[in-house]
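The next block holds one structure in the form of structure tokens; read it before the comments.
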């Protein structure tokens, strides 16, 4: 591993961050020493108006990027994240396709005013490691000694899931929780299968699952009412509408698959071993069984320019028989709100309208950084999605 | 309470508990509390989906208003008091659950109209007969409202019924017992939720976590290692336009009997067997039963009172208490009290607790300081700085957090010790804003979790402890004002602790 490059590129470093150059003989002690200098410099500049500057670290936050061009966005995300999760961030850039170049390291520390009172300076340390070509695999061994002892380690992996990849395996081994985003996937089927494989190794979060929290809560709320809960045992049809994905417009949106997998796994439905029905390439209909009851799950791609690509648009559960009812959660046309409604027979129950803000990446991550344990409900949903995709492919 | 076991879709969600369908009936709904705290809290709970769609608010007050007029007022209040911009579509959806019933609290016809309205709402909004009655009125109405609710058969329902009572709960032991008897004749203790918004504060709840999730403190938490405890509840503000109210109350009734004693009980309690409301409140009540009562004729030995005169606070000249609007110019109401309490139990025997609470003091701070005994043997006799005791400070406001003070060697050849603070601040470790106390408490009541509400035995014990003080201070008239605004209270307060060879912390 070679020393630090002399030049500072604003793309590589967070704008306005305090940064110091590291000498050629790079080692852990050198990085720590540079960070300590940055803290001292920052502390020296704190004025009465700015309040105290505090160094708090609640976690190690590792990020892997496949391209240096994504650094600027990552800096912004980490800066926003600091207000709720002060951390040491280790950002690794691994450009495998580029000519070999040994690891370069850049160190910075920066502070943000704390949100509630604005009188504290919440500070974060960021170490950027950039490697190219054959040196990419060395990133894990360069990052590991820089992890702060005794703090949980999160890895935000911003590349495709490459379970056979050496670097990925090494990083996952050092991680308490792996965070990915299936919305970015070019091959959702492979991605979900890879997730199932990874469940044996680490706790795993999918930001796309986090985006569905409001949807899942809205649907769960229907069945908190004891009388309506009977409707769950009479569901015969589920309609899931979604917008086309950006990278894989012909495929089913991972959000729709996850909600379908979640419903089927939570309600203990068994996937029928028959190929799903395909209608005009826009609708896919799966069949499930619960005892003698048959349930159809319809995944329909709809066009709606007001809604982001790959997003869920509507979930409707239809119960038949004695407990005939319809439970409907839908996104408004401009994508800004969720509307819920229940009809039991001819009676319409009170619904509500909830803001559905597009959460920033930092807000989504923040929610996942609060959890260390495995999310068994998510894991069950993904396993069901993998089953559905297998049946679909057969 | 709805739990994931009952609803398979709730498992794994961020909030595994949500309130059951219900109606919250607010008495005194045109008052300040409703618009500043209750409606913003309920709106936020609704937007977070912590209360169900099958929910309604019935606002009750004397003014003649339509549903629409009351909703419009609450919309304006949200714009004024909510922390973030109000989502208009979300508000419109929420506003549809708000209804207004006009009436005089002393008129039985009001309750008949209320009953009819609740029956209609139950049908329309599927609220299933579950009720929370929130008494946000002047305290003199608490008893009459409860009685009328009973007379109108509104204290019973096909669902559950709960009653939330704001403070003050009585003005002395006798009036508190009378009020409790009035409420208890209609509602059972399990139905009564006495709100103390201090208990809804995140840092107060953190006291339980701090004490009982960390094994390192508990072995030190006793008379063997602790020299004394100081509780400071200092405000820089005066009576803020509430002079007429405050003049009948004073700091002992307003702060000591409820907020301060609640916090003290969390410091002094034994570990509960579980975190159930009963177990936690049993231990709190047991701790307060161990507080030695101060006999009326010895109050002067254990307590000091004060009232602020003119002075300077935060760089501004301020008027004395007796010059505040609404205050009697000859008022003998105390705006400051310092008290020394002792516990008669194994854990705390001979460990005094010094409490000071007051208005127009030098600095706004609420904290509990646990001062440890000195090291048993003095090794560092050559050091130029005196040895100081270790202090553990739990700050409730502002800058919520915990500080541990300990000695460290100054770098250099000489053995010099400096006393340093190791600081944990909530704001620096968790930058997110905690929920408002009222959000937490309203939700807890709807979930039937009374842990953070004051049980009658705690309220009664609080009055038992302060009533001798109030009686002793009733006569003769004190020589007020006896402290300048912007100071730390009257001289006598310093004497109270200094005669034990101790000092108030410099804050």
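Of note:
- The set of residues from segment B:194-234 being in a loop (DSSP other than H, G, I, E, B) and touching a strand residue (DSSP E or B) at 6+ places or on another chain (Cβ under 7 Å) comprises B:195, B:196, B:201, B:225.
- Here is the figure for segment B:95-133: residues that are more than 14 Å from every other protein chain (Cβ to nearest Cβ) and assigned to a loop (DSSP other than H, G, I, E, B) total 5.
- Considering segment A:348-361, the residues that are in a strand (DSSP E or B) and modelled with pLDDT under 90 include one that is farthest from the other protein chains (Cβ to nearest Cβ), namely A:348.
- Test: residue A:390 is without any contact (Cβ under 8 Å) to a residue 12 or more places away in the chain, farther than 21 Å from residue A:229 by Cβ, more than 14 Å from every other protein chain (Cβ to nearest Cβ) and touching a helix residue (DSSP H, G or I) at 6+ places or on another chain (Cβ under 9 Å): yes
- Meets criteria (surrounded by 22 or more Cβ atoms within 10 Å (Cβ to Cβ) and either in contact with a helix residue (DSSP H, G or I) (Cβ under 9 Å, 6 or more places away or on another chain) or under 22 Å from residue B:334 (Cβ atoms) (or both)) for residue B:275: no
- Considering segment A:248-269, the residues that are outside any helix (DSSP H, G or I) and surrounded by 14 or more Cβ atoms within 10 Å (Cβ to Cβ) include one that is nearest to the chain's Cα centre (by Cα), namely A:253.
- Lone unmet requirement of (1) closer than 21 Å to residue A:257 by Cβ; (2) in contact (Cβ under 8 Å) with a residue 12 or more places away in the chain; (3) buried (at least 21 other Cβ atoms within 10 Å of the Cβ) for residue A:220: (2)
- Restricting A:316, A:322, A:298 to residues that are surrounded by fewer than 17 Cβ atoms within 10 Å (Cβ to Cβ), more than 14 Å from every other protein chain (Cβ to nearest Cβ), touching a strand residue (DSSP E or B) at 6+ places or on another chain (Cβ under 7 Å) and not in a loop (DSSP other than H, G, I, E, B) narrows the list to A:316.
- Residue satisfying condition, being within 14 Å of chain A (Cβ to nearest Cβ) and either more than 30 Å from residue A:220 (Cβ to Cβ) or not in a loop (DSSP other than H, G, I, E, B) (or both), within set B:44, B:75: B:44
- Residues located in segment B:313-328, provided they are part of a loop (DSSP other than H, G, I, E, B) and within 18 Å of residue B:476 (Cβ to Cβ): B:328
- Criterion violated by residue A:200 - all others in (1) surrounded by fewer than 23 Cβ atoms within 10 Å (Cβ to Cβ); (2) at pLDDT below 95; (3) part of a helix (DSSP H, G or I) satisfied: (3)
- Any hit, segment B:12-22, residues being surrounded by fewer than 22 Cβ atoms within 10 Å (Cβ to Cβ), closer than 30 Å to residue A:380 by Cα and more than 9 Å from chain A (Cβ to nearest Cβ): yes
- Residue count for segment A:362-394 satisfying the condition of being surrounded by 14 or more Cβ atoms within 10 Å (Cβ to Cβ) and in a helix (DSSP H, G or I): 23.
- First in segment B:411-437 and more than 19 Å from residue A:80 (Cβ to Cβ) and at the interface with chain A (Cβ under 9 Å from one of its Cβ atoms), second anywhere and modelled with pLDDT of 70 or more and exposed (fewer than 15 other Cβ atoms within 10 Å of the Cβ), Cβ under 6 Å, 6 or more apart: none
- Number of residues in segment B:388-410 that are over 18 Å from residue B:374 (Cβ atoms) and in a loop (DSSP other than H, G, I, E, B): the value is 4.
Results for (1) at positive phi; (2) out of contact with any strand residue (DSSP E or B) (no Cβ under 8 Å at 6 or more places or on another chain), shown as yes or no for each residue.
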{"position": "B:281", "(1), (2)": "no, yes"}
{"position": "B:284", "(1), (2)": "no, yes"}
{"position": "B:288", "(1), (2)": "no, yes"}
{"position": "B:304", "(1), (2)": "no, no"}
{"position": "B:314", "(1), (2)": "yes, yes"}
{"position": "B:319", "(1), (2)": "no, no"}
{"position": "B:336", "(1), (2)": "no, no"}
{"position": "B:340", "(1), (2)": "no, no"}
{"position": "B:354", "(1), (2)": "no, no"}
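- Hey, residue A:273 surrounded by fewer than 19 Cβ atoms within 10 Å (Cβ to Cβ), modelled with pLDDT of 95 or more and not in a strand (DSSP E or B) or not: no
- Of the candidates B:55, B:70, the single residue that is in contact with a strand residue (DSSP E or B) (Cβ under 7 Å, 6 or more places away or on another chain), within 14 Å of chain A (Cβ to nearest Cβ) and touching a residue at least 24 places away in the same chain (Cβ under 8 Å) is B:55.
- Filtered residue count, segment A:215-234, keeping only those that are more than 8 Å from chain B (Cβ to nearest Cβ) and not in a helix (DSSP H, G or I): 0
- Looking across B:6, B:92, B:64, one residue alone is in a helix (DSSP H, G or I), surrounded by fewer than 21 Cβ atoms within 10 Å (Cβ to Cβ) and either within 12 Å of chain A (Cβ to nearest Cβ) or without any contact (Cβ under 8 Å) to a residue 40 or more places away in the chain (or both). It is B:92.
- Boolean, residue B:145 is within 14 Å of another protein chain (Cβ to nearest Cβ), at pLDDT 95 or above and in contact with a strand residue (DSSP E or B) (Cβ under 9 Å, 6 or more places away or on another chain): no
- Some residue of segment A:325-347 being at pLDDT below 90, in a helix (DSSP H, G or I), more than 8 Å from chain B (Cβ to nearest Cβ) and touching a strand residue (DSSP E or B) at 6+ places or on another chain (Cβ under 9 Å): no
Quick grid of which residues meet (1) within 20 Å of residue A:248 (Cβ to Cβ); (2) surrounded by fewer than 17 Cβ atoms within 10 Å (Cβ to Cβ); (3) away from every other protein chain (no Cβ under 14 Å):
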{"residue": "A:146", "(1), (2), (3)": "no, no, yes"}
{"residue": "A:151", "(1), (2), (3)": "no, yes, no"}
{"residue": "A:162", "(1), (2), (3)": "yes, yes, yes"}
{"residue": "A:171", "(1), (2), (3)": "no, no, yes"}
{"residue": "A:177", "(1), (2), (3)": "no, no, yes"}
{"residue": "A:182", "(1), (2), (3)": "yes, no, yes"}
{"residue": "A:192", "(1), (2), (3)": "yes, no, yes"}
{"residue": "A:204", "(1), (2), (3)": "no, no, no"}
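- Residues of segment B:465-507 that turn out to be over 30 Å from residue B:405 (Cβ atoms) and in a loop (DSSP other than H, G, I, E, B), as a count: 8
The values are calculated or read from the model by the stated rules, or taken from the named source; none is laboratory data. Being a predicted model, the structure only gives us computed values, none of them experimental. Quick reminder, even Gly has a Cβ in these numbers, built from the backbone with ideal geometry, and neighbours come from all protein chains shown.
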